[in-house]
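First up is the structure itself, then whatever we jot down about it.
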Amino acid sequence: MLINYSCTNYKSYRYKNEFTFSASKIKQFDEDNISVINSSLTSKNRILNSLMLVGPNAAGKSNMLKSISYARYLILNSANAMQNKENIFEDPDIFMFDENAETEPTEFYFEFSIDDNPSSLYYYSFSFCQKEILSETFAKRESNEKGRLSTKKILFERQGTQLTKTSEQFSKLNQVFDINPAVLFLSNCGGNIKDDLCPDGKVAIDWFHNIKFANRNNNSLDIYDDNPEYLDIARQILASADSCIKGLRLEKRKLDLGVLDYKNPDAVLQALNKSNVHNVGGGLRLSDDGLFIFDIKMAFEKKKLDGAIEELELSIFDDLYNISSGEQKLILYLAPIIKTLKEGGLLLIDEVETALHYYYSQLLIRLFNDNDINHNHSQAIFTTHNTRLLDENLRVDQIFTVTKNNLGVSSLSPLEDTDNKSPRKVHKLSERYIDGLYGGVPDIKLEEIKKIFM
């Protein structure tokens, strides 16, 4: 589980901003909104199942999620990219409104737990500037047989291209891989190395792989293809509110392009350009054994003139005249949501309310804040503009406000720290937020806008 995270000099986050999943001492919604991890791992072993980021448009909510996505991308791909002679640190997404940011480091920090045997607490951070990695540190604490937490052990520490500290397993890794200025040392653990060569590195890479994203991209189709039972779960969730929906089906149709080697993307693209195939459904998928069209069909019942019932199927991509954008979004978002709930990990959901009815947005949040459903200690970070969602069984320590100043600098603030008086049970967080008690409210000056039209 993710416990603490921070980023510096990424997009609108000019300076260090951080958030924590460690629950405070308040007892509100303890049974469902909190997972209790091994007590030896941390003095704060009560970990929140979800966080909510709220703030005006362009304040930086999406950028915080993107920072996690970007760090994950660098960790998982820098080694492979360098094999192809590509430096993925070459064009970083740094703060753009201050030239000083170009010569200052971008930094990321993760603290996360692995509840295996023995349970472990990991600390991983790295910084880079002007195409090169400046520092990288990976450390660990673990519980012993008596359930006590060990002191922090540095697994490796680097400055530039030099390892300043290293454990035995990472010394062995260094015998296989040199320290490259454009490759995170941890990234080498994602390659084809033996599991026993660097076990802590493998565990960390797997943890970063389990960070998922809910969006409209085609990754949802891959999830449903690998896990067809998830599509039936999605159908049941939709059918609970819309009884007209009778089924969901993934359609996977192979295209015959006459290509001999589908491992050659250039040959496939050339053949595709010569064909009359249009990009229908959810898009095209290229695998070693061919090119496929993916689609999701939603089934309904149609009554015929003679009273008989026949099945009517509509594509959620091609029949948007009949299928709402909200239904399409919900089906696609449910794929990574169900996968995360089933397998564990961290899920990032940007603008959970967009195109969805309030009750569906509410449902997506409650899926994580219900330990009868979320029994794998999965976590989610949501962003929203819908202030009413703040009242949906969320603790104050689960909510962070996001603001941006006149220099374009975003700031993240825990709701707990923005008001000296804790809200009573009779107070609605949404009303207090709208009243400006927590900040993060757009200051729209209507009188100034009127002057534009006068």
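The values are calculated or read from the model by the stated rules, or taken from the named source; none is laboratory data. The shown structure was predicted, so the numbers you read here are calculated from the model rather than taken from an experiment. As a convention, Cβ positions derive from the backbone with ideal geometry for all residues, glycine included, and neighbour counts pool all protein chains shown. Please note that ligands, DNA and RNA were not included when accessible areas were found on the heavy atoms of the full protein model with its side chains. Shrake-Rupley method; radii C 1.70, N 1.55, O 1.52, S 1.80 Å.
Here are a few things to note about the model shown:
- Listed conditions (1) free of Cβ contacts under 8 Å to residues at least 12 places away in the same chain; (2) closer than 30 Å to residue 183 by Cα; (3) in a loop (DSSP other than H, G, I, E, B) are all met by residue 25, apart from (2).
- Only one of the numbered conditions (1) buried (at least 19 other Cβ atoms within 10 Å of the Cβ); (2) within 21 Å of residue 114 (Cβ to Cβ) is not met by residue 6, and that is (1).
- Here residue 30 clears all of (1) farther than 20 Å from residue 141 by Cβ; (2) at pLDDT below 90; (3) touching a helix residue (DSSP H, G or I) at 6+ places or on another chain (Cβ under 7 Å) except the condition numbered (3).
- Number of residues in region 311-368 that are among the hydroxyl-bearing types (Ser, Thr, Tyr) and within 22 Å of residue 57 (Cβ to Cβ): the value is 6.
- Set 119, 125: member being more than 16 Å from residue 7 (Cα to Cα) and either surrounded by 14 or more Cβ atoms within 10 Å (Cβ to Cβ) or at pLDDT 95 or above (or both): 119
- Among the residues listed as 193, 211, 223, 205, the single one being in contact with a Pro (Cβ under 9 Å, 6 or more places away or on another chain), among the β-branched types (Val, Ile, Thr) and open to solvent by less than 30 Å² (accessible area, probe 1.4 Å): 223
- Contacts under 7 angstrom Cβ, first residue in region 358-369 being outside any helix (DSSP H, G or I), partner among the polar types (S, T, N, Q) and open to solvent by 20 Å² or more (accessible area, probe 1.4 Å), 6 or more apart: 369/393
- Within region 188-211, residues that are on the phi < 0 side of the Ramachandran plot and basic (Lys, Arg) have Cβ atoms under 9 Å from residues that are part of a helix (DSSP H, G or I) and crowded, with 22+ Cβ neighbours inside 10 Å in these pairs: 202/189, counting only partners at least 6 apart in sequence or on another chain.
- Of residues in region 158-210 being within 17 Å of residue 87 (Cα to Cα) and among the aliphatic types (A, V, I, L, M), the one farthest from the chain's Cα centre (by Cα): 179
- Considering 35, 22, the condition of being touching a Lys or Arg at 6+ places or on another chain (Cβ under 6 Å) and either closer than 28 Å to residue 150 by Cα or β-branched (Val, Ile, Thr) (or both) is satisfied by 22 alone.
- Some residue of region 326-338 being of a type in the set (Asp, Glu) and either within 30 Å of residue 267 (Cα to Cα) or open to solvent by 50 Å² or more (accessible area, probe 1.4 Å) (or both): no
- Residues (over 30 Å from residue 102 (Cβ atoms) and buried (at least 21 other Cβ atoms within 10 Å of the Cβ)) located in region 9-33: 21, 23, 33
- The residue that is farthest from residue 282 (Cα to Cα), counting only those in region 307-327 that are free of Cβ contacts under 8 Å to residues at least 60 places away in the same chain and part of a helix (DSSP H, G or I), is 326.
- All positions within region 159-178 that are aliphatic (A, V, I, L, M) and within 16 Å of residue 125 (Cα to Cα): 163
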